[in-house]
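Remarks on the structure that follows.
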There are 2 protein chains.
Amino acid sequence: MLEHGGRLAQATARYGHALDAWLDLSTGVNPQSYPVPALQKDIWHRLPEAGKALLDAACHYYRVARLLPVAGSQAAIQALPRLRPASRVLVGAPAYAEHAYRWRRAGHEVIELPYAELDAALDSCDVMVVCNPNNPTGAMIAPEVLRAWAARLSERGGWLVADEAFADVEPQCSVADNFPGLIVLRSIGKFFGLAGLRLGFVIAEHSLLDALADEIGPWGVTEAAQIVGATALGDTAWHDAMRAQLRRDGSRLRELLNAHGIESSGCALFQWWREPRTEALAQHMAQRAIWVRKFTAGGIRLGLPFHEHDWTRLSRSLDEWQSLDI
Amino acid sequence: MLEHGGRLAQATARYGHALDAWLDLSTGVNPQSYPVPALQKDIWHRLPEAGKALLDAACHYYRVARLLPVAGSQAAIQALPRLRPASRVLVGAPAYAEHAYRWRRAGHEVIELPYAELDAALDSCDVMVVCNPNNPTGAMIAPEVLRAWAARLSERGGWLVADEAFADVEPQCSVADNFPGLIVLRSIGKFFGLAGLRLGFVIAEHSLLDALADEIGPWGVTEAAQIVGATALGDTAWHDAMRAQLRRDGSRLRELLNAHGIESSGCALFQWWREPRTEALAQHMAQRAIWVRKFTAGGIRLGLPFHEHDWTRLSRSLDEWQSLDI
């Protein structure tokens, strides 16, 4: 199993603060969840059937004609590599680690390349995977570049996989389209703050969606996910207000770090920086019950605090870190 | 995609009764769901972490030292074939169709054999798959036979997969054990009437559980499934009362069919029979808004009615079928 953010039980076991004492900044999940409607108690009884309400709301939100709901984009990340014969796969690095892991596990040759080298390497691969915006760096590739890459790959039966898990705040950057060779992954988890709902979407050409649906199997998307998802995706007033709010909060986090001598990059939902003292800083924060995401290659990612006192807590912990003057 | 029971939206589209007018007998899901506790609204926010409460309750209920919670036993049915090199797989027939389908899809040689021929064929295969009790026939294989088969298969690195999705009413028939070569699948869906919760368990030797967890990937079991599952699995008073109730209801269904000239077999949660006029009978029932499960090889399966007026409705529809005297 790969290491992931959000493992608070692990944090608690190691550092001993109570579970609810932790300020969890280890994920890029919006701390302000979409206000979930009340669910009827009988929704757990029957096997979930794919309903039209979710499909309609999602097609409208992502501005596409067709898509496949999945139990989180993770389900698609795991299944896609099983739909191709042995291929040469380029993964833009750094990236959400499950991409390279799952392609390798399925027997493909995987090469991880910095974003700046992807264009030159395109013709040497069958599949290219990019997170756009990138997780954790926040780097963006222009949509017209991605579309051109997909078209070139498609000519020889290749795929461009664009993981747009963090694209909701800047939707004009999305390349979501039912276009041959293009596979776009979207997620309800981050922007809507509903990571536990396990709902994501795949947007791709129709034949690939059919093959993927069969590979992923039946009943993955619960009725709760369908009801909550359809409501959240249809609530445009909430989308608009939340985009504005997250842009402000993202800038605030970047400025807070900057004020403590940290030059970060990222997107509205998180900031990241190369940190030479990764382990020491993560431990400093954990002793203060702040759970950050550390990357073994040397980096820290912080999600957004929500309450004012959480911003203060983070700020004070950064003050103390700076004053250590190691 | 394979055909499955429970597709009421399909039934409605074809026969035009309102969704809530249907009496759905097309699955073996207990119509009396476990009374689900109220869930907090914030359970959808965070990524689900594997909690100890569910593991403890499940290990106690299944009487094993260790198990792996999965998003319905379907998740394990799909993943297990990917954990073996090309193998020769015997599937006891008839059976829940996903077993043969998923083993074939993963590139294995699959042979479907009647239960009576399994013992003689054991030494010719690497993997044997049996549903115990069988779905849809209700046929049972004695636990000591299954354990002996697993031991023989294990000697040469083989597996016995026992799908015990319908074993809860007669738990003494279960072979659940962390024993090499033995893989037992259990489900919360049927006995607890919580098919929509997507919660099942795999019981097998520890190294196989580790490999399966990695193959299935993270976050499949939601926090809702963990909370509801832990409560349901720990409620022994409900288990005892429900076992008695389902035994009565299962007998009542068998006797009702018998009174209409139908010799059925099955278990407490469903009855099944070979039906020469499968399509005509299913249509007769559907016209009366009763949704049954038809098997293309020629058979009908009925789950349990719940309300007294549903029993009456089924009885009257069988009267009318009998009086057609085709």
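Between rounded, prolate and oblate, where does the stretch B:126-186 land on the alpha carbon gyration tensor, with a ≥ b ≥ c its root eigenvalues, rounded for a/c under 1.5, else prolate if a/b exceeds b/c? It comes out prolate by the Cα gyration axes. Here is the size of the stretch A:90-179 from its Cα atoms: Rg then Dmax, 12.3, 35 Å. Note on chain A: Cα Rg divided by 2.2 N^0.38 Å, N the number of residues, gives 1.01. Label-point spacing for B:Ala211 across the identical copies (point 7 Å from Cα in the Cβ direction), in nm and ascending order: 2.7.
Rounded to the nearest 0.05, the FRET efficiency derived from the C-beta distance between B:Leu122 and B:Ala86 at R0 = 22 Å is 0.70.
Charge dipole of the protein assembly as shown (Cα centre as origin; +1 on each Lys and Arg Cβ, -1 on each Asp and Glu Cβ, all else neutral): 140 debye, rounded to the nearest 20. Working from the pairwise distances between different alpha carbons, so that the mean of 1/r is found and then inverted, what is the stretch A:227-325's Kirkwood radius in Å? The answer is 14.7 Å.
Comment: the Cα-to-Cβ extended label point of A:Glu112, at 7 Å, lies 4.4 nm from its counterparts in the other copies, nearest first.
Name the most mobile residue of A:His309, A:His260, A:His99, meaning the one with the largest mean-square fluctuation, in a Gaussian network model of chain A with Cα contacts below 10 Å. Of the options given, A:His309 has the highest mean-square fluctuation. Of all beta bridges that DSSP places with both ends in chain A, some 45 percent have antiparallel geometry. With N counted as the residues of the stretch B:105-257, its alpha-carbon radius of gyration over 2.2 N^0.38 Å works out to 1.13. Overall, the stretch B:1-148 carries a charge dipole of about 480 debye about its Cα centre when +1 sits on the Cβ of Lys and Arg and -1 on the Cβ of Asp and Glu, all other atoms neutral. In a reduced charge model with +1 at each Lys and Arg Cβ and -1 at each Asp and Glu Cβ, the stretch A:123-215 shows a dipole moment near 240 debye about its Cα centre.
Would you calculate a helix-derived [θ] at 222 nm for chain B, using -39,500 (n - 2.57) for each DSSP H run of n ≥ 4 and dividing by the full residue count, to the nearest 500? Helix contribution divided over all residues of chain B: -11500 deg cm²/dmol.
Each distinct pair of alpha carbons in the protein assembly as shown adds a 1/r term; the inverse of their mean, the Kirkwood radius, is 26.5 Å.
Compute the separation of the alpha-carbon centres of the stretch A:87-131 and the stretch A:5-71 and state it in Å as a whole number. If you average the Cα positions of each part, the centres end up 27 Å apart.
Of the residues B:Ser264, B:Thr236, B:Leu118, the one whose Cα sits farthest toward the positive end of the charge dipole of the protein assembly as shown, with +1 on the Cβ of Lys and Arg and -1 on the Cβ of Asp and Glu, is B:Thr236. Under conditions of 20 °C and 1.002 mPa s, the stretch A:1-128 yields 114 µm² s⁻¹ as its translational diffusion coefficient, taking Rh as the Kirkwood radius over Cα pairs in the Stokes-Einstein equation. Result for chain B in a Gaussian network model with C-alpha springs under 10 Å: among B:Ile111, B:Ile43, B:Ile290, the largest mean-square fluctuation is at B:Ile43. Shown here is the pair-distance distribution of the stretch B:164-252: with all Cα-Cα distances grouped in 5 Å bins from zero up to the longest one, the shares run 3, 12, 20, 23, 20, 13, 6, 3, 1 percent.
Of the residues B:Gly266, B:Gly72, B:Gly298, the one that moves most in a GNM of chain B with alpha-carbon contacts below 10 Å is B:Gly298.
With label points defined 7 Å past Cα in the direction of Cβ, position A:Pro171 shows copy-to-copy spacings of 5.0 nm, given to one decimal and shortest first.
Does the stretch B:188-238 come out rounded, prolate or oblate, given a ≥ b ≥ c as the square roots of the eigenvalues of its C-alpha gyration tensor, rounded meaning a/c under 1.5 and, failing that, prolate meaning a/b above b/c? Cα axes put the stretch B:188-238 in the prolate bin.
Rounded to the nearest 5, the antiparallel percentage of DSSP beta bridges internal to the protein assembly as shown is 45%.
For the listed residue pairs B:Lys190/B:Lys294; A:Lys52/B:Lys41; B:Lys52/B:Lys294; A:Lys41/A:Lys190; A:Lys41/B:Lys52; A:Lys52/B:Lys294, the alpha carbons are over 29 angstrom apart in B:Lys52/B:Lys294. Summarising the strand pairing of the stretch B:146-271, around 60 percent of its internal DSSP beta bridges are antiparallel.
For A:Ala151 and B:Ala38, the FRET efficiency from 1/(1 + (r/R0)^6), where r spans their Cβ atoms and R0 equals 56 Å, is about 0.65.
Bear in mind that the values in this text are calculations on the coordinates, not laboratory data. Since the model is a prediction, treat every value here as computed from it, not as a measurement. Don't worry about glycine lacking a Cβ; one is built from the backbone with ideal geometry, like all the others, and counts go over all protein chains shown.
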